[in-house]
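Working notes for the structure below.
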Amino acid sequence: MVKSAKIYTVLVIHGPNLGLLGQREPEVYGNVTLKQINVALHKLAEEHRIKLEIFQSNHEGEIVDAIGKSKGSFDAILINPAAYTHTSVAIRDAVSACSVPAVEVHLSNIYSREEFRHTSLIAPVAKGQISGFGKDSYLLGLLAIIRLLDSSPK
Ligand code: DQA
């Protein structure tokens, strides 16, 4: 009997103000909407037999709760912590505590912007970070997760 390939489940977290994409500072973030990003993520996920759960929150505690509950339900986390990238010890601790591998993504190149954006509190506890490729940062982040899960011992 041929064993079917495992279906992985990935939690996608969009942090504060990302619901405004499309209208928000288009010179920085482009014209892409969150809906378009989510559609592209679902398409890529389907091609790779990945199940996605996607949520956006403007609230630090909600993001901490979602990460805290991820163990046992999700194989990996794809997160754009948005402004919390630079401020949230709570989200960093949640990522560190949950032992679910996380990949951090940013639409803009945070290192080419204001100095306060150059520090990510999340990056040291993430598997890696992708920054600066607009919508493609999310798709590259999901591909990185797929490679990671495919190469991790089952
Ligand atoms: C962002 C970069 C953050 O500095 C900013 O606060 C955001 C979006 C990005 O995707 O480029 O809200 O995470």
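Just so you know, all these numbers are worked out from the coordinates, no wet-lab data involved. Bear in mind the structure is a predicted one, so any value in this text is a computation, not a measurement. Using ideal geometry, Cβ is built from the backbone for each residue, glycine included, and neighbour counts are taken over all protein chains shown.
Residues in region 124-154 that are assigned to a helix (DSSP H, G or I) and either away from the ligand (no atom under 13 Å from the Cβ) or not acidic (D, E) (or both): how many?
Of the residues in region 124-154, 18 are assigned to a helix (DSSP H, G or I) and either away from the ligand (no atom under 13 Å from the Cβ) or not acidic (D, E) (or both).
Across region 62-100, the number of residues qualifying as under 16 Å from P16 (Cβ atoms), touching a Pro at 6+ places or on another chain (Cβ under 8 Å) and either β-branched (V, I, T) or assigned to a loop (DSSP other than H, G, I, E, B) (or both) comes to 3. Looking only at residues in region 93-107 that are closer than 13 Å to G15 by Cβ and without any contact (Cβ under 8 Å) to a residue 40 or more places away in the chain, the one that is farthest from the ligand (Cβ to nearest atom) is A94. Only one of these conditions is not met by L143: (1) surrounded by 17 or more Cβ atoms within 10 Å (Cβ to Cβ); (2) closer than 29 Å to H48 by Cα. Which number is it? Failed condition: (1). Can you find a residue that is without any contact (Cβ under 8 Å) to a residue 12 or more places away in the chain and either buried (at least 19 other Cβ atoms within 10 Å of the Cβ) or not charged (D, E, K, R) (or both) anywhere in region 108-123? Yes, there is a match, as at least one residue in region 108-123 is without any contact (Cβ under 8 Å) to a residue 12 or more places away in the chain and either buried (at least 19 other Cβ atoms within 10 Å of the Cβ) or not charged (D, E, K, R) (or both).
Residues of region 21-45 that are without any contact (Cβ under 8 Å) to a residue 24 or more places away in the chain, over 17 Å from the mean Cα position of the chain (by Cα) and part of a helix (DSSP H, G or I): P26, E27. If only residues of region 37-60 that are touching a strand residue (DSSP E or B) at 6+ places or on another chain (Cβ under 6 Å) and charged (D, E, K, R) are counted, the one that is nearest to H106 (Cα to Cα) is E53.
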